[in-house]
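Below is one structure; the comments refer to it alone.
The values are calculated or read from the model by the stated rules, or taken from the named source; none is laboratory data. Model, not experiment: these values are computed from the prediction. Virtual Cβ from ideal backbone geometry, glycine too; neighbours counted across all protein chains shown. What goes into the accessible areas is simple: the full protein's heavy atoms, side chains included, and nothing from ligands, DNA or RNA. Shrake-Rupley method; radii C 1.70, N 1.55, O 1.52, S 1.80 Å.
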Amino acid sequence: MHYTRSSELFRHAQCYIPGGVNSPVRAFKNVDGVPVFIKRGKGAYLYDEDGNEYIDYVNSWGPMLYGHAFPPVIQAIIDKAKLGTSFGAPTTMESQIAQLAVSMVPGIEKIRFVNSGTEAAMSAVRLARGYVGKRKIIKFAGCYHGHADGFLIAGGSGLSTLGIASSAGVTESATVDTLLASYNDLESVRSLFRKFKGEIAAVIVEPVAGNMGCVPPDNGFLKGLRNICTHYEALLIFDEVMTGFRLAKGGAQEYFKVLADIVVFGKIVGGGLPVGAFAAKSDIMNELAPVGAVYQAGTLSGNPLAMAAGYEMLRAITEDGTVYERLERKGQYLEDGMTALFRKYNIDFTINRAGSMCSIFFCRGKITNFETAHAAANDMFTRFFNGMLKNGIYLPPSSYETWFLSDALSFNDLDRTLEAVDLTIRQF
Ligand SMILES: *Cc1c(COP(=O)(O)O)cnc(C)c1O
C-alpha cells in the first residue's frame, strides 16, 4: 500500500484547517500516523485517495449500521434534495421519524431532533435541570457526551469529585456543577448523592461506554443507577448516541432492560447525516420551549435531508427482524477468532464487546472503567493499528475508541480481517 496522495492532501489540509482535520481523532496522532483520505465507501469497504481498499470497522464512528452508501438512505437523500434542502419550517418527515423512533424505543413519548450528539446531550442536561430544578449532574470518568463545556472534565487518576476542565478555554464556572464518578462503581455514585444531598438533577451515562474503548456495564450497574436516581429524585440520562439503534431496536434500554428518564441519540439516528435527538416521556419533554420554559432551538434542526436519511435507516431496521442477531453472530465470530490468535501467539489481551461494539486492549486483566482503560493504553495498540491498516483493515485510530461492525460485513470479510490480525502479530 502507498499513501502518497493522502500525505499530500494532509499537508495541504494542514495549511487551512487546524491540524488538517475537522475533528481531532481523525488526525491519527494517537497512532503516529498520517490520516488516510477517504474517497468513497460502499458496504463494508472504504476506498482512499490512493486507491487502497479497506474493510471498515469505524463506520463513521457508528452511524453506518448497514455499511456505506446504503441504497435506501442514498435514494431518500437524492429524492428530498430535489425538493429543496431547508425551510426552517415544519415538514411532515419530522413527525414521521419522530413517531417511528418513539415506536421503537421503550419509555419515550416525545423526541426532539437537533444536529449532533453534542447538542443533544447538552440539551438533555439543560432539560433535566429545568425539569428537576436542581443544578448538579454526575458524569463518569471516561464517558464522552460531546464537547459542551460542562462535560469537559478530566478523568484523571483516582476519583476527583470536583470538576477540573480537561480543555483550555473551559472555565471553572462551567464545570463546577459536574461531579465525576467512576464507571461500574455504584458506591462512587451513592457517595456523591450523600455528599451533595438535594443538589443533583441527573446522572448521565453511556450505557455501554464507547469512548474509553468499549467498556460494557457490569451486571447490575445500570439497574443500580436506576434505583439510586429514583431514590434521590434525580433523572437518569442514557447517552445512547452510540448504543441507540445499535445494540437493539430499542437501544440499551431494551438490551439491558433498564429504563432511563431521558435518552440521547446521535450517529445511527441520522443515517450518516448530522443528526442528534433527545427523548423522554411527555411530561419531561413538555418542559421544552415553545411549551415549557427550557429553551432549545436550531436553524437546521429537523433538516429534510437529515430526517429522510434517518427515517430510511430506522425503517430499514424496523423491517429487518434479524439485523441484531446477525451483528451479534459477526461480533462473536470476530471475538472468537481474535481470541484464538492472540492466545496462539501468547499475547496479553482483553477483548470487550457488546453486540457490534468491541475493542481490544493489550493487557492482562479486566477493563471496567477509565483507570483500567487508561493503564492499558500502550504502544502495542499503535503497532497493531498500523499493521492492520497496511493489511487493509481500517480500525479506529486509538485504543480509546470502539470498533463498530456493520451488517455489510460478510463472514469472508471477517476471515480476511482475522488473516490480517495473524499477519500483523507475526510482524510484531
Ligand atoms: C459521538 C458521541 C457524542 C457526540 O456526538 P457528536 O455528533 O459527535 O457531537 C456524544 N455522546 C456519545 C456517547 C458519543 O459517542
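Below are the figures for this structure:
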| quantity | calculated |
| --- | --- |
| Residue list for region 261-274, filter: open to solvent by less than 10 Å² (accessible area, probe 1.4 Å) and more than 18 Å from Gly67 (Cβ to Cβ) | Ile262, Val263, Val264, Phe265, Gly266 |
| Which listed residue is modelled with pLDDT under 95 and closer than 27 Å to Tyr144 by Cα, from Ala373, Ala306 | Ala373 |
| Matching residues in region 10-44 - criterion: being without any contact (Cβ under 8 Å) to a residue 60 or more places away in the chain, open to solvent by less than 40 Å² (accessible area, probe 1.4 Å) and not in a loop (DSSP other than H, G, I, E, B) | Phe10, Ala13, Gly20, Ala27, Gly41 |
| Selection from region 403-428 of residues that are in contact with a Leu (Cβ under 8 Å, 6 or more places away or on another chain) and closer than 15 Å to Asn59 by Cβ | Trp403, Leu405, Ser406, Asp407, Leu414, Thr417 |
| The one condition in (1) open to solvent by less than 20 Å² (accessible area, probe 1.4 Å); (2) in contact with an Asp or Glu (Cβ under 9 Å, 6 or more places away or on another chain) that Tyr345 fails to fulfil | (1) |
| Restricting region 22-75 to residues that are over 17 Å from Ser406 (Cα atoms) and of a type in the set (D, E, K, R), the residue that is farthest from the ligand (Cβ to nearest atom) | Asp50 |
| Residue match in region 64-74 (condition: more than 30 Å from Arg11 (Cβ to Cβ), in a helix (DSSP H, G or I) and open to solvent by less than 20 Å² (accessible area, probe 1.4 Å)) | yes |
| Residue among Ile347, Ile360, Ile425 that alone is under 29 Å from Lys249 (Cβ atoms) and among the β-branched types (Val, Ile, Thr) | Ile360 |
| Check on Thr91, modelled with pLDDT under 95, assigned by TED's automatic domain parsing to the domain that holds Phe278 and away from the ligand (no atom under 16 Å from the Cβ) | no |
| Every pair of residues 6+ apart whose Cβ atoms lie under 8 Å, when the first sits in region 165-194 and is on the phi > 0 side of the Ramachandran plot while the second is surrounded by 14 or more Cβ atoms within 10 Å (Cβ to Cβ) and assigned to a loop (DSSP other than H, G, I, E, B) | Asn184/Pro217; Asn184/Asp218; Asn184/Thr368; Asn184/Asn369 |
